[in-house]
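These notes are about the structure you will find just below.
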Number of protein chains: 2
Amino acid sequence: MTARTTSETARDIPEATVARLPVYLRALTTLVEAGTQTCSSEDLAAAAGVNSAKLRKDLSYLGSYGTRGVGYDVDYLRYQIAREIGVTQDWPVVIVGIGNLGHALANYSGFRSRGFRVVALLDADPERHDEVVAGVDVRAFDDLEQIVADQGVAIGVIATPALAAQAVADRMVACGITSILNFAPAVLSVPDGVDVRKVDLSIELQILAYHEQRKAQSA
Amino acid sequence: MTARTTSETARDIPEATVARLPVYLRALTTLVEAGTQTCSSEDLAAAAGVNSAKLRKDLSYLGSYGTRGVGYDVDYLRYQIAREIGVTQDWPVVIVGIGNLGHALANYSGFRSRGFRVVALLDADPERHDEVVAGVDVRAFDDLEQIVADQGVAIGVIATPALAAQAVADRMVACGITSILNFAPAVLSVPDGVDVRKVDLSIELQILAYHEQRKAQSA
DNA sequence: TAGATTGTTAATCGATTAACAATC
DNA sequence: TAGATTGTTAATCGATTAACAATC
């Protein structure tokens, strides 16, 4: 890590706040689309599904973008949050593993509309190559290094079976990818400096089952 | 909520711990499949990607299932965790919205193998009815009430576009579903007593983008 | 000025971690 | 008994919340 002077130092935003910024961004986008120009912290909090104290505390880490007695300019606040998250620029992304989930991800319009561009779909199975999914050619996994270098890819998505996931992650890291979104049900080990986030469909269901079971017990 | 005597009171397990139990369960299943019979908290923590202090603290909320000086019986601990989560029984689940993501979810083998059974796929589009996905007929959304009543469904999955999600949730709640897993990029409002969990693919990517942007700045 | 609403403070709550006594 | 490892304690850290002074 390089030392920075105070003025350069990005404010340290708590992880819990970072995780909610995209939620606020989406709520603001909805408000913009509805033609709303100004909103209070109460309004925005309701739209985002949090309480207003938490919202104001979260926004306070970014700066002071509201007007006391008035509220927030929806469009301005939306831009500030987008800039803070980093989605005013476009992030090229590769998806590895084009099974059912990979297909769904490739077709997911929410990526493109939120600052992400799927530049390549890779699969180990030669049968899949030259298939076209969501307007993008499926290519050989071995093309990874070339694509990452050419397109400056920093973010990779793993949608392979669990057994392949670690090997894919290793290759990604080796060629310079430093952020991985992992849909495979496997724990990945990566060096320091590489971020991994995990989405596990069945884990979410299990958490619901736990609470459901308790409801049944107390009924 | 009904009052309960002390002996009936289920131990109150912190949410953060509940969210990790499925991770431990998966790690234990992997160990069982590898033929491992005993493991230390250090071993299991490594397999689950947490530190061993956290693991032991988490397990302590469930009871005392290890042996000092020895470790944990893998199979026994796995059963205890599965029982605590509630996945020793089978949970019937309905999925509403059979687009790309709904397809992927319907085909996801991780549901069935972890205590969930997809009993129905519903879609508002009549063109999709009588399609068969993952061996299950796609049926009309209007069949929801019937299916929930017949099969005793408590958990619903929403994979519709954002605009339809709240209406689907309302119908689910009205016919007795008390746990909802929401993949639609929308904030749902539901009455007390109904649990909603949200999986948002683009939010995870945005969190990665935030950190990626900061890495680039400090480089 | 009066009313409204932000941004901040301080108290509270919950989660994490390291250390170690208990005990196999 | 000696070595290993759990289960628990207590300290620390981070997140949430309510209240309100600042200010439009």
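The values are calculated or read from the model by the stated rules, or taken from the named source; none is laboratory data. Predicted, not measured: the structure shown is a model, and the values here were computed from it. Cβ placement follows ideal geometry from the backbone for every residue including glycine, while neighbour counts extend to all protein chains displayed. What goes into the accessible areas is simple: the full protein's heavy atoms, side chains included, and nothing from ligands, DNA or RNA. Shrake-Rupley method; radii C 1.70, N 1.55, O 1.52, S 1.80 Å.
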Check your understanding: So which of A:PHE111, A:PHE116 is among the aromatic types (Phe, Trp, Tyr), more than 10 Å from DNA strand C (Cβ to nearest atom) and at pLDDT below 95?
Key -> A:PHE111
Review point. Is there a residue being assigned to a helix (DSSP H, G or I), within 25 Å of A:ARG20 (Cα to Cα) and not assigned by TED's automatic domain parsing to the domain that holds B:LEU25 anywhere in the stretch B:138-161?
Key: no
Check your understanding: Regarding A:ARG114, is this residue within 8 Å of chain B (Cβ to nearest Cβ) and surrounded by 14 or more Cβ atoms within 10 Å (Cβ to Cβ)?
Key -> yes
Review point. For residues in the stretch B:62-85 being within 14 Å of another protein chain (Cβ to nearest Cβ) and without any contact (Cβ under 8 Å) to a residue 60 or more places away in the chain, which is nearest to DNA strand D (Cβ to nearest atom)?
Key: B:LEU62
Review point. Across the stretch B:148-164, what is the number of residues that are facing chain A (nearest Cβ under 10 Å) and either touching a Ser or Thr at 6+ places or on another chain (Cβ under 9 Å) or surrounded by fewer than 20 Cβ atoms within 10 Å (Cβ to Cβ) (or both)?
Key: 5
Exercise for review: Could you please tell me which pairs satisfy a Cβ distance under 7 Å, a separation of 6+ or placement on different chains, a first residue in the stretch B:34-56 that is over 18 Å from A:ALA186 (Cα atoms) and modelled with pLDDT of 95 or more, and a second residue that is of a type in the set (A, V, I, L, M, F, W, C) and open to solvent by 50 Å² or more (accessible area, probe 1.4 Å)?
Suggested key: B:THR38/B:VAL70
Practice item. For the stretch B:71-84, name all the residues that are crowded, with 19+ Cβ neighbours inside 10 Å and among the acidic types (Asp, Glu). Key: B:GLU84
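Every residue, every condition in (1) surrounded by 22 or more Cβ atoms within 10 Å (Cβ to Cβ); (2) acidic (Asp, Glu), yes or no:
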| site | (1), (2) |
| --- | --- |
| A:ASP58 | yes, yes |
| A:GLY63 | no, no |
| A:GLY66 | no, no |
| A:GLY69 | no, no |
| A:VAL87 | yes, no |
| A:ASP90 | no, yes |
| A:GLY99 | no, no |
| A:ASN107 | no, no |
| A:ALA120 | yes, no |
Review point. Which one is most open to solvent (accessible area, probe 1.4 Å) among residues in the stretch B:34-50 that are within 14 Å of DNA strand C (Cβ to nearest atom) and within 13 Å of chain A (Cβ to nearest Cβ)?
Key: B:ALA46
Review point. Does A:LEU31 meet the test of being open to solvent by less than 10 Å² (accessible area, probe 1.4 Å) and either modelled with pLDDT of 95 or more or away from every other protein chain (no Cβ under 13 Å) (or both)?
Key: no
Check your understanding: Restricting the search to the stretch A:167-179, which residues are of a type outside the set (A, V, I, L, M) and within 12 Å of chain B (Cβ to nearest Cβ)?
Key -> A:GLY176, A:THR178, A:SER179
